[in-house]
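Chemist: Next up is a structure, given as structure tokens.
The values are calculated or read from the model by the stated rules, or taken from the named source; none is laboratory data. Note that the structure is a prediction, hence the values are computed from the model and not measured. Reconstructed Cβ throughout: ideal geometry from the backbone, glycine too, with neighbour counts over all protein chains shown.
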Amino acid sequence: MSAETADLDEPTRRSPLLWTVLIIGVLVIGTVIASRVGTDYLWFRSVDFQGVFTTRLAAQVGLLVGFGLLMFLVVFFSMVIAYRLRPKVRRANLDSEFLVQMRDVLDQRSRLLMAVPAGVIALLAGLTALGQADTFLAWWHSTEFGEKDAYFGVDASFYVFALPWLQFVVGFVLFAVTAGGIAALCVHFLTGSLNASALRGRGNTSASVPAQRQLSITLGIGILLFGVNIVLDRFALNVTQSTLFTGMGYTDFTTRVPVTTIIAAICAICAIACFVNAWKVRWSVPGASIALLIVSMLLLSSLYPWLIQNFRVTPQEQDMEVPYIANNIAATRYAYDIDDVEIEDYEATTTASAGQLRADADALPAIRLIDPAVVPRTFEQLQQVRGYYTFPETLDVDRYVIDGKATDAVVAVRELDLASVDSGDNWNNRRTVYTHGYGLVAAYGNQREANGEPVFFSGGIPTTGSLEEHEPRIYFGEKSDYYVVVGAPEGSEPVELDTPSGGEGRSESLYTYTGKGGVPVGNFLAKAAFAIRFGDINLMLSDRVNSESRLMHDRVPTQRVQEVAPWLTVDSDPYPSVVDGRIVWIVDAYTTSDSFPNANRVDWTQSISDSRTSADRTLLGQQVNYVRNSVKAVVDAYDGSVKLYEWDENDPILKTWSKVFPGAVTPKSEISDELREHLRYPQDLFKVQREVLGRYHTENANTWFHQTDIWQVPNDPVSGENKKEPPYFLTIRWPKDETPHFANTTVFVPKDRENLSAYMAINSDATSPDYGKKRVLKLSDAKQIAGPGQTYNFISTNPLVAEKLLPFNRDGSSASAIYGNLLTLPLGGGLLYVQPIYTQTKTTGSYPALRFIVVRFGEQIGIGDTLQSALDQVFQGDAGAQTGEGDNPSTIPDLNTEEPGTPSDQTGVERARGLLDEAEALFKGADEALKTGDLADYQAKMKSAEDKIAEAAKALDEG
């Protein structure tokens, strides 16, 4: 044998480079996956929700393996069976050279060539099933609703939990059988069991009979599964969109329901024909039955319903659809929890007389004058302290008991704004120095200083005021969308910036985190895992990552709640409160579904979007037709701990997930009294409910069909944009009630009109037995009451208001007027509009100050420096009650300074130093005012500066 022949006979050597690249690639991918899984587990363990992580991971792995294995077995053994049914004798002379070579390869490595494509398909199918983990878990632990659908008498739990899972399983198995049939068909062609001649009945067809039998059985199983899917579609008509609403309509129930039964029966007949064909191969019978199935589907599923809908239903749609509309109304009102709304006719008076508000004396002092959307700039200028702190664009409304009296408050936390840090954008600063914000700032909602500034009852650094002593540091907040590393061994020098001037000589004070928040990263594996996850090698190299370090990530409160409870929909408006000595974020969370039978679906994003809530903060396109505020979540701002408190104890979806994740939800009975005082009726739920109530306030199917009584949420006239007016938290007194209560309020106008149609309020005081009580005042159609748009136009064009605002609206003025939220309150036997108006100079460092209050009642309008004066103008010189505006119920330290503090804990020299610093700032402000020509502001600042100097001199004398 020659050398050349010997070389040809030697097996081809594969390049080791290829294997090296493949092995390294697998190791890299495996390491990345392992680091992600490992760090996720550590994060869940740090918040004590590891059970959620392990349960979902086990379900995902189980579905990946189970459904992947099912797909592999179906495809692989379909190919194996097809290969075993190959002809004993090849007919190479009838086939192409390519097929001959392929058969040679298949004969040599048949199992490998079958296993590889089957494995790839199985992996992809398993990944698809992995995404159904939550659907599987909900089905496995489902809880009955006790509410049955109106057409099949099946409990709603079947539609919410079982139907989505069954549809997935049947669809998956049908796809697996289809994939197995195609794979078997390919093998039959490669082995010569089937070819063009055999399929045409020519040549030696006896060799193709076994192949045809296998394919016939596979086809029969596929058609049978298709029939099962049709049966499920029969139930799905209760959760699909009909011509008018979500759910069963006349055409669906009288046409599509029986048609699905007929088609399912035809599928069974076709399947039987295919099974018979496997015994006696004659494709004419199954072919005819499949043709019958196709024609039946075209005629019965498409043409027949179309004919019924257009030629029978449409001409008399109201008569035909009324019973189905009634069922839809009942299901929708239950699903959105609006079936208990109390609607009462309200003959609102529009005439104002002296003493008319005497019966509402308790409610007047609680009218909120501070607009949370206007004063953030004011909070920043008076409470920001340093440029690297920030407040949200819209503040929150909360309630606090001050001196034994509950009061509405406008609140915000002073968070760190990393983008404003001026001391260098380096790793140490971003990850270890600028780690947290500081303090909760709170102002009375119904009070202001003489100069228009809010009256703060909590603020400053360090935090002082009327609130209980609490931990002020904010490690977890809405602006904390980056990770930080905190903690150090005992005795180490602190590196975290804590307060701007709390250190020696008014220098910056530093701090070392001492809490249990974050993930410990003191060992090598944890550091390496997070370094891989974040792609940040500094975690491995920096000396500031030590044995006691803790890494904090996913620090945004809503994000943390969504992570520990992915089955919840989170409210877009978390708010901070001081509870039991801690600053916590209170996050409302909902159990939702889009599969409640016959309830109308709405787009969650569109329903909750308004002039203060942008759609980009929410889940885009999420469809819902069932919602409950089942959970009140609390996130600690210092350690990031998450508590999910059960709120709706009767919600079947919450009960289901409580069975899936035992212990994840804390019983409602464990909510502390102090926390309950700060809980409120959630914003997003109220927005969705008012959206649905606009049409579903009526239980009359004929009225619903005619659309003669549709309420709409008006656009916010103040924003100037085509966006809905937001609901407002207000303390109101409902007509005929004896005492005021905290409520979430909104107004409605008729469809495509601007006059007021209805006023709605929901009791939002969680300590009240009436919490959640929904009431509507339905205004008379005979007497039109101006809506928000008309009222805003009336105010902005009124000569009295224009005269007051002339110095701020004319060209060249040094200040401008800013209109605040337009509030509507049921007072004086009618509806009272109240709007604060702020003014702001056009100088650097300016901020809105509350200057005027405008009030409208009927056709009467008043504008004054105080709410009391505006009310007295409207009600003929005497409103009949005092607002109490401007009263300061307690001795509150000056919190508008950079470093507030009570006189008792400062020496005279220290107080004088602080006052002189303030005087210097005021002199600078006066110079700026003089440069811009604002003499009034210049004189005011000069006077304030002189007063500060006088106070400093007095402090030195006393010290």
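Chemist: In this structure, does Met297 turn out to be modelled with pLDDT of 90 or more, within 45 Å of the chain's Cα centre (by Cα) and not in a helix (DSSP H, G or I)?
Modeler: Spelling it out, it is not the case that Met297 is modelled with pLDDT of 90 or more, within 45 Å of the chain's Cα centre (by Cα) and not in a helix (DSSP H, G or I).
Chemist: Hey, another quick one. In segment 293-349, which residues are touching a strand residue (DSSP E or B) at 6+ places or on another chain (Cβ under 9 Å), farther than 30 Å from Gly829 by Cβ and among the charged types (D, E, K, R)?
Modeler: Asp337
Chemist: Here's another thing I want to ask about it. For segment 147-171, give me each residue that is surrounded by fewer than 18 Cβ atoms within 10 Å (Cβ to Cβ), in contact (Cβ under 8 Å) with a residue 40 or more places away in the chain and out of contact with any Leu (no Cβ under 8 Å at 6 or more places or on another chain).
Modeler: Once the filter is applied, which keeps residues that are surrounded by fewer than 18 Cβ atoms within 10 Å (Cβ to Cβ), in contact (Cβ under 8 Å) with a residue 40 or more places away in the chain and out of contact with any Leu (no Cβ under 8 Å at 6 or more places or on another chain), segment 147-171 yields Glu147, Phe152, Val154, Gly171.
Chemist: Scanning for something aromatic (Phe, Trp, Tyr), touching a Ser or Thr at 6+ places or on another chain (Cβ under 9 Å) and at pLDDT 95 or above, does segment 754-775 turn up at least one residue?
Modeler: Yes, segment 754-775 contains at least one residue that is aromatic (Phe, Trp, Tyr), touching a Ser or Thr at 6+ places or on another chain (Cβ under 9 Å) and at pLDDT 95 or above.
Chemist: A follow-up question, please. Restricted to segment 392-407, and to residues that are part of a strand (DSSP E or B) and of a type outside the set (D, E, K, R), which residue is nearest to the chain's Cα centre (by Cα)?
Modeler: The residue in question is Val397.
Chemist: Scan segment 222-245 and tell me whether some residue there is within 48 Å of the chain's Cα centre (by Cα), surrounded by 23 or more Cβ atoms within 10 Å (Cβ to Cβ) and among the hydroxyl-bearing types (Ser, Thr, Tyr).
Modeler: No: segment 222-245 contains no residue that is within 48 Å of the chain's Cα centre (by Cα), surrounded by 23 or more Cβ atoms within 10 Å (Cβ to Cβ) and among the hydroxyl-bearing types (Ser, Thr, Tyr).
Chemist: Test Glu677 against the criterion of being over 26 Å from Asp554 (Cα atoms), surrounded by fewer than 20 Cβ atoms within 10 Å (Cβ to Cβ) and without any contact (Cβ under 8 Å) to a residue 60 or more places away in the chain, and give yes or no.
Modeler: Judged against the criteria, Glu677 is not a match.
Chemist: For Leu22, all conditions in the list (1) more than 30 Å from Pro210 (Cβ to Cβ); (2) modelled with pLDDT of 90 or more hold save one; what is the number of the exception?
Modeler: It is condition (2) that Leu22 fails.
Chemist: Something else about it: Quick check, is Val455 at pLDDT 95 or above and crowded, with 17+ Cβ neighbours inside 10 Å?
Modeler: So Val455 does not fit the description; no.
Chemist: Going by what's in this entry, would Val281 be described as over 22 Å from Leu237 (Cβ atoms) and in a helix (DSSP H, G or I)?
Modeler: no
Chemist: Something else now. Quick one: which residue in Arg368, Arg414 is over 25 Å from Leu730 (Cβ atoms) and buried (at least 21 other Cβ atoms within 10 Å of the Cβ)?
Modeler: Result of the check over Arg368, Arg414: Arg414.
Chemist: Looking at Arg312, is it in contact with a Gly (Cβ under 6 Å, 6 or more places away or on another chain), at pLDDT 90 or above and over 30 Å from Cys274 (Cβ atoms)?
Modeler: For Arg312, the condition - in contact with a Gly (Cβ under 6 Å, 6 or more places away or on another chain), at pLDDT 90 or above and over 30 Å from Cys274 (Cβ atoms) - is not met.
Chemist: Under 8 Å between Cβ atoms, which residue pairs at least 6 apart in sequence (or on different chains) link something in segment 332-350 that is over 28 Å from Gln784 (Cβ atoms) with a partner that is modelled with pLDDT of 95 or more and among the small types (Gly, Ala, Ser)?
Modeler: Filtered contacts from segment 332-350: Thr332/Ala599; Tyr334/Ala599; Ala335/Ala599; Tyr336/Ala599; Asp339/Ala330.
Chemist: So, one more: Looking at Phe794, Phe852 in this structure, which one is of a type in the set (Phe, Trp, Tyr), farther than 18 Å from Gln882 by Cα and out of contact with any Leu (no Cβ under 7 Å at 6 or more places or on another chain)?
Modeler: From the options Phe794, Phe852, the qualifying one is Phe794.
Chemist: I'm trying to understand the selection: among the residues of segment 142-184, which are touching a Ser or Thr at 6+ places or on another chain (Cβ under 6 Å), of a type in the set (A, V, I, L, M, F, W, C) and more than 16 Å from Phe76 (Cα to Cα)?
Modeler: Of everything in segment 142-184, those that are touching a Ser or Thr at 6+ places or on another chain (Cβ under 6 Å), of a type in the set (A, V, I, L, M, F, W, C) and more than 16 Å from Phe76 (Cα to Cα) turn out to be Phe145, Val160, Phe161, Trp165.
Chemist: Just name the residue that is modelled with the lowest pLDDT out of those in segment 276-286 that are surrounded by 14 or more Cβ atoms within 10 Å (Cβ to Cβ) and not aliphatic (A, V, I, L, M).
Modeler: Trp283
Chemist: If I filter segment 848-855 for residues that are in a strand (DSSP E or B), under 34 Å from the mean Cα position of the chain (by Cα) and of a type in the set (Lys, Arg), do I get at least one hit?
Modeler: no
Chemist: Under the condition of being among the acidic types (Asp, Glu) and in contact with a helix residue (DSSP H, G or I) (Cβ under 8 Å, 6 or more places away or on another chain), which residue from segment 706-733 is surrounded by the most Cβ atoms within 10 Å (Cβ to Cβ)?
Modeler: Among those that are among the acidic types (Asp, Glu) and in contact with a helix residue (DSSP H, G or I) (Cβ under 8 Å, 6 or more places away or on another chain), it is Glu725.
Chemist: Since Ser208 meets every condition but one in (1) polar (S, T, N, Q); (2) buried (at least 21 other Cβ atoms within 10 Å of the Cβ); (3) at pLDDT 90 or above, which condition does it not meet?
Modeler: Going through (1) polar (S, T, N, Q); (2) buried (at least 21 other Cβ atoms within 10 Å of the Cβ); (3) at pLDDT 90 or above one by one, Ser208 breaks only (3).
Chemist: Of all the helices (runs of 4 or more DSSP H) wholly in segment 94-145, which have at least 1 residues that are more than 22 Å from Ser193 (Cα to Cα) and either touching a helix residue (DSSP H, G or I) at 6+ places or on another chain (Cβ under 8 Å) or modelled with pLDDT under 95 (or both)?
Modeler: It comes to 110-130, 133-140.
Chemist: Could you go through segment 458-471 and let me know if any residue there is surrounded by fewer than 20 Cβ atoms within 10 Å (Cβ to Cβ), outside any loop (DSSP other than H, G, I, E, B) and among the charged types (D, E, K, R).
Modeler: Yes.
Chemist: For segment 371-391, state whether one or more residues are on the phi > 0 side of the Ramachandran plot, of a type in the set (A, V, I, L, M, F, W, C) and part of a loop (DSSP other than H, G, I, E, B).
Modeler: yes
Chemist: Going residue by residue through segment 693-711, is there one that turns out to be closer than 30 Å to Ser242 by Cα and part of a strand (DSSP E or B)?
Modeler: Yes - at least one qualifying residue is present in segment 693-711.
Chemist: In segment 713-748, what residues are part of a loop (DSSP other than H, G, I, E, B), more than 25 Å from the chain's Cα centre (by Cα) and hydroxyl-bearing (Ser, Thr, Tyr)?
Modeler: Thr739
Chemist: Right, something else. Which of (1) in contact with a helix residue (DSSP H, G or I) (Cβ under 6 Å, 6 or more places away or on another chain); (2) assigned to a loop (DSSP other than H, G, I, E, B); (3) at pLDDT below 95 is the odd one out, the single condition Ile338 does not satisfy?
Modeler: Answer for Ile338: the failing condition is (3).
Chemist: Quick one: in segment 499-514, of everything that is buried (at least 17 other Cβ atoms within 10 Å of the Cβ) and either more than 21 Å from Gly477 (Cα to Cα) or under 32 Å from the mean Cα position of the chain (by Cα) (or both), which residue is modelled with the lowest pLDDT?
Modeler: Selected residue: Ser509.
Chemist: Which residues, taken from segment 755-807, are without any contact (Cβ under 8 Å) to a residue 24 or more places away in the chain and either over 26 Å from Gln873 (Cα atoms) or crowded, with 22+ Cβ neighbours inside 10 Å (or both)?
Modeler: Across segment 755-807, the qualifying residues are Pro769, Asp781, Ala782.
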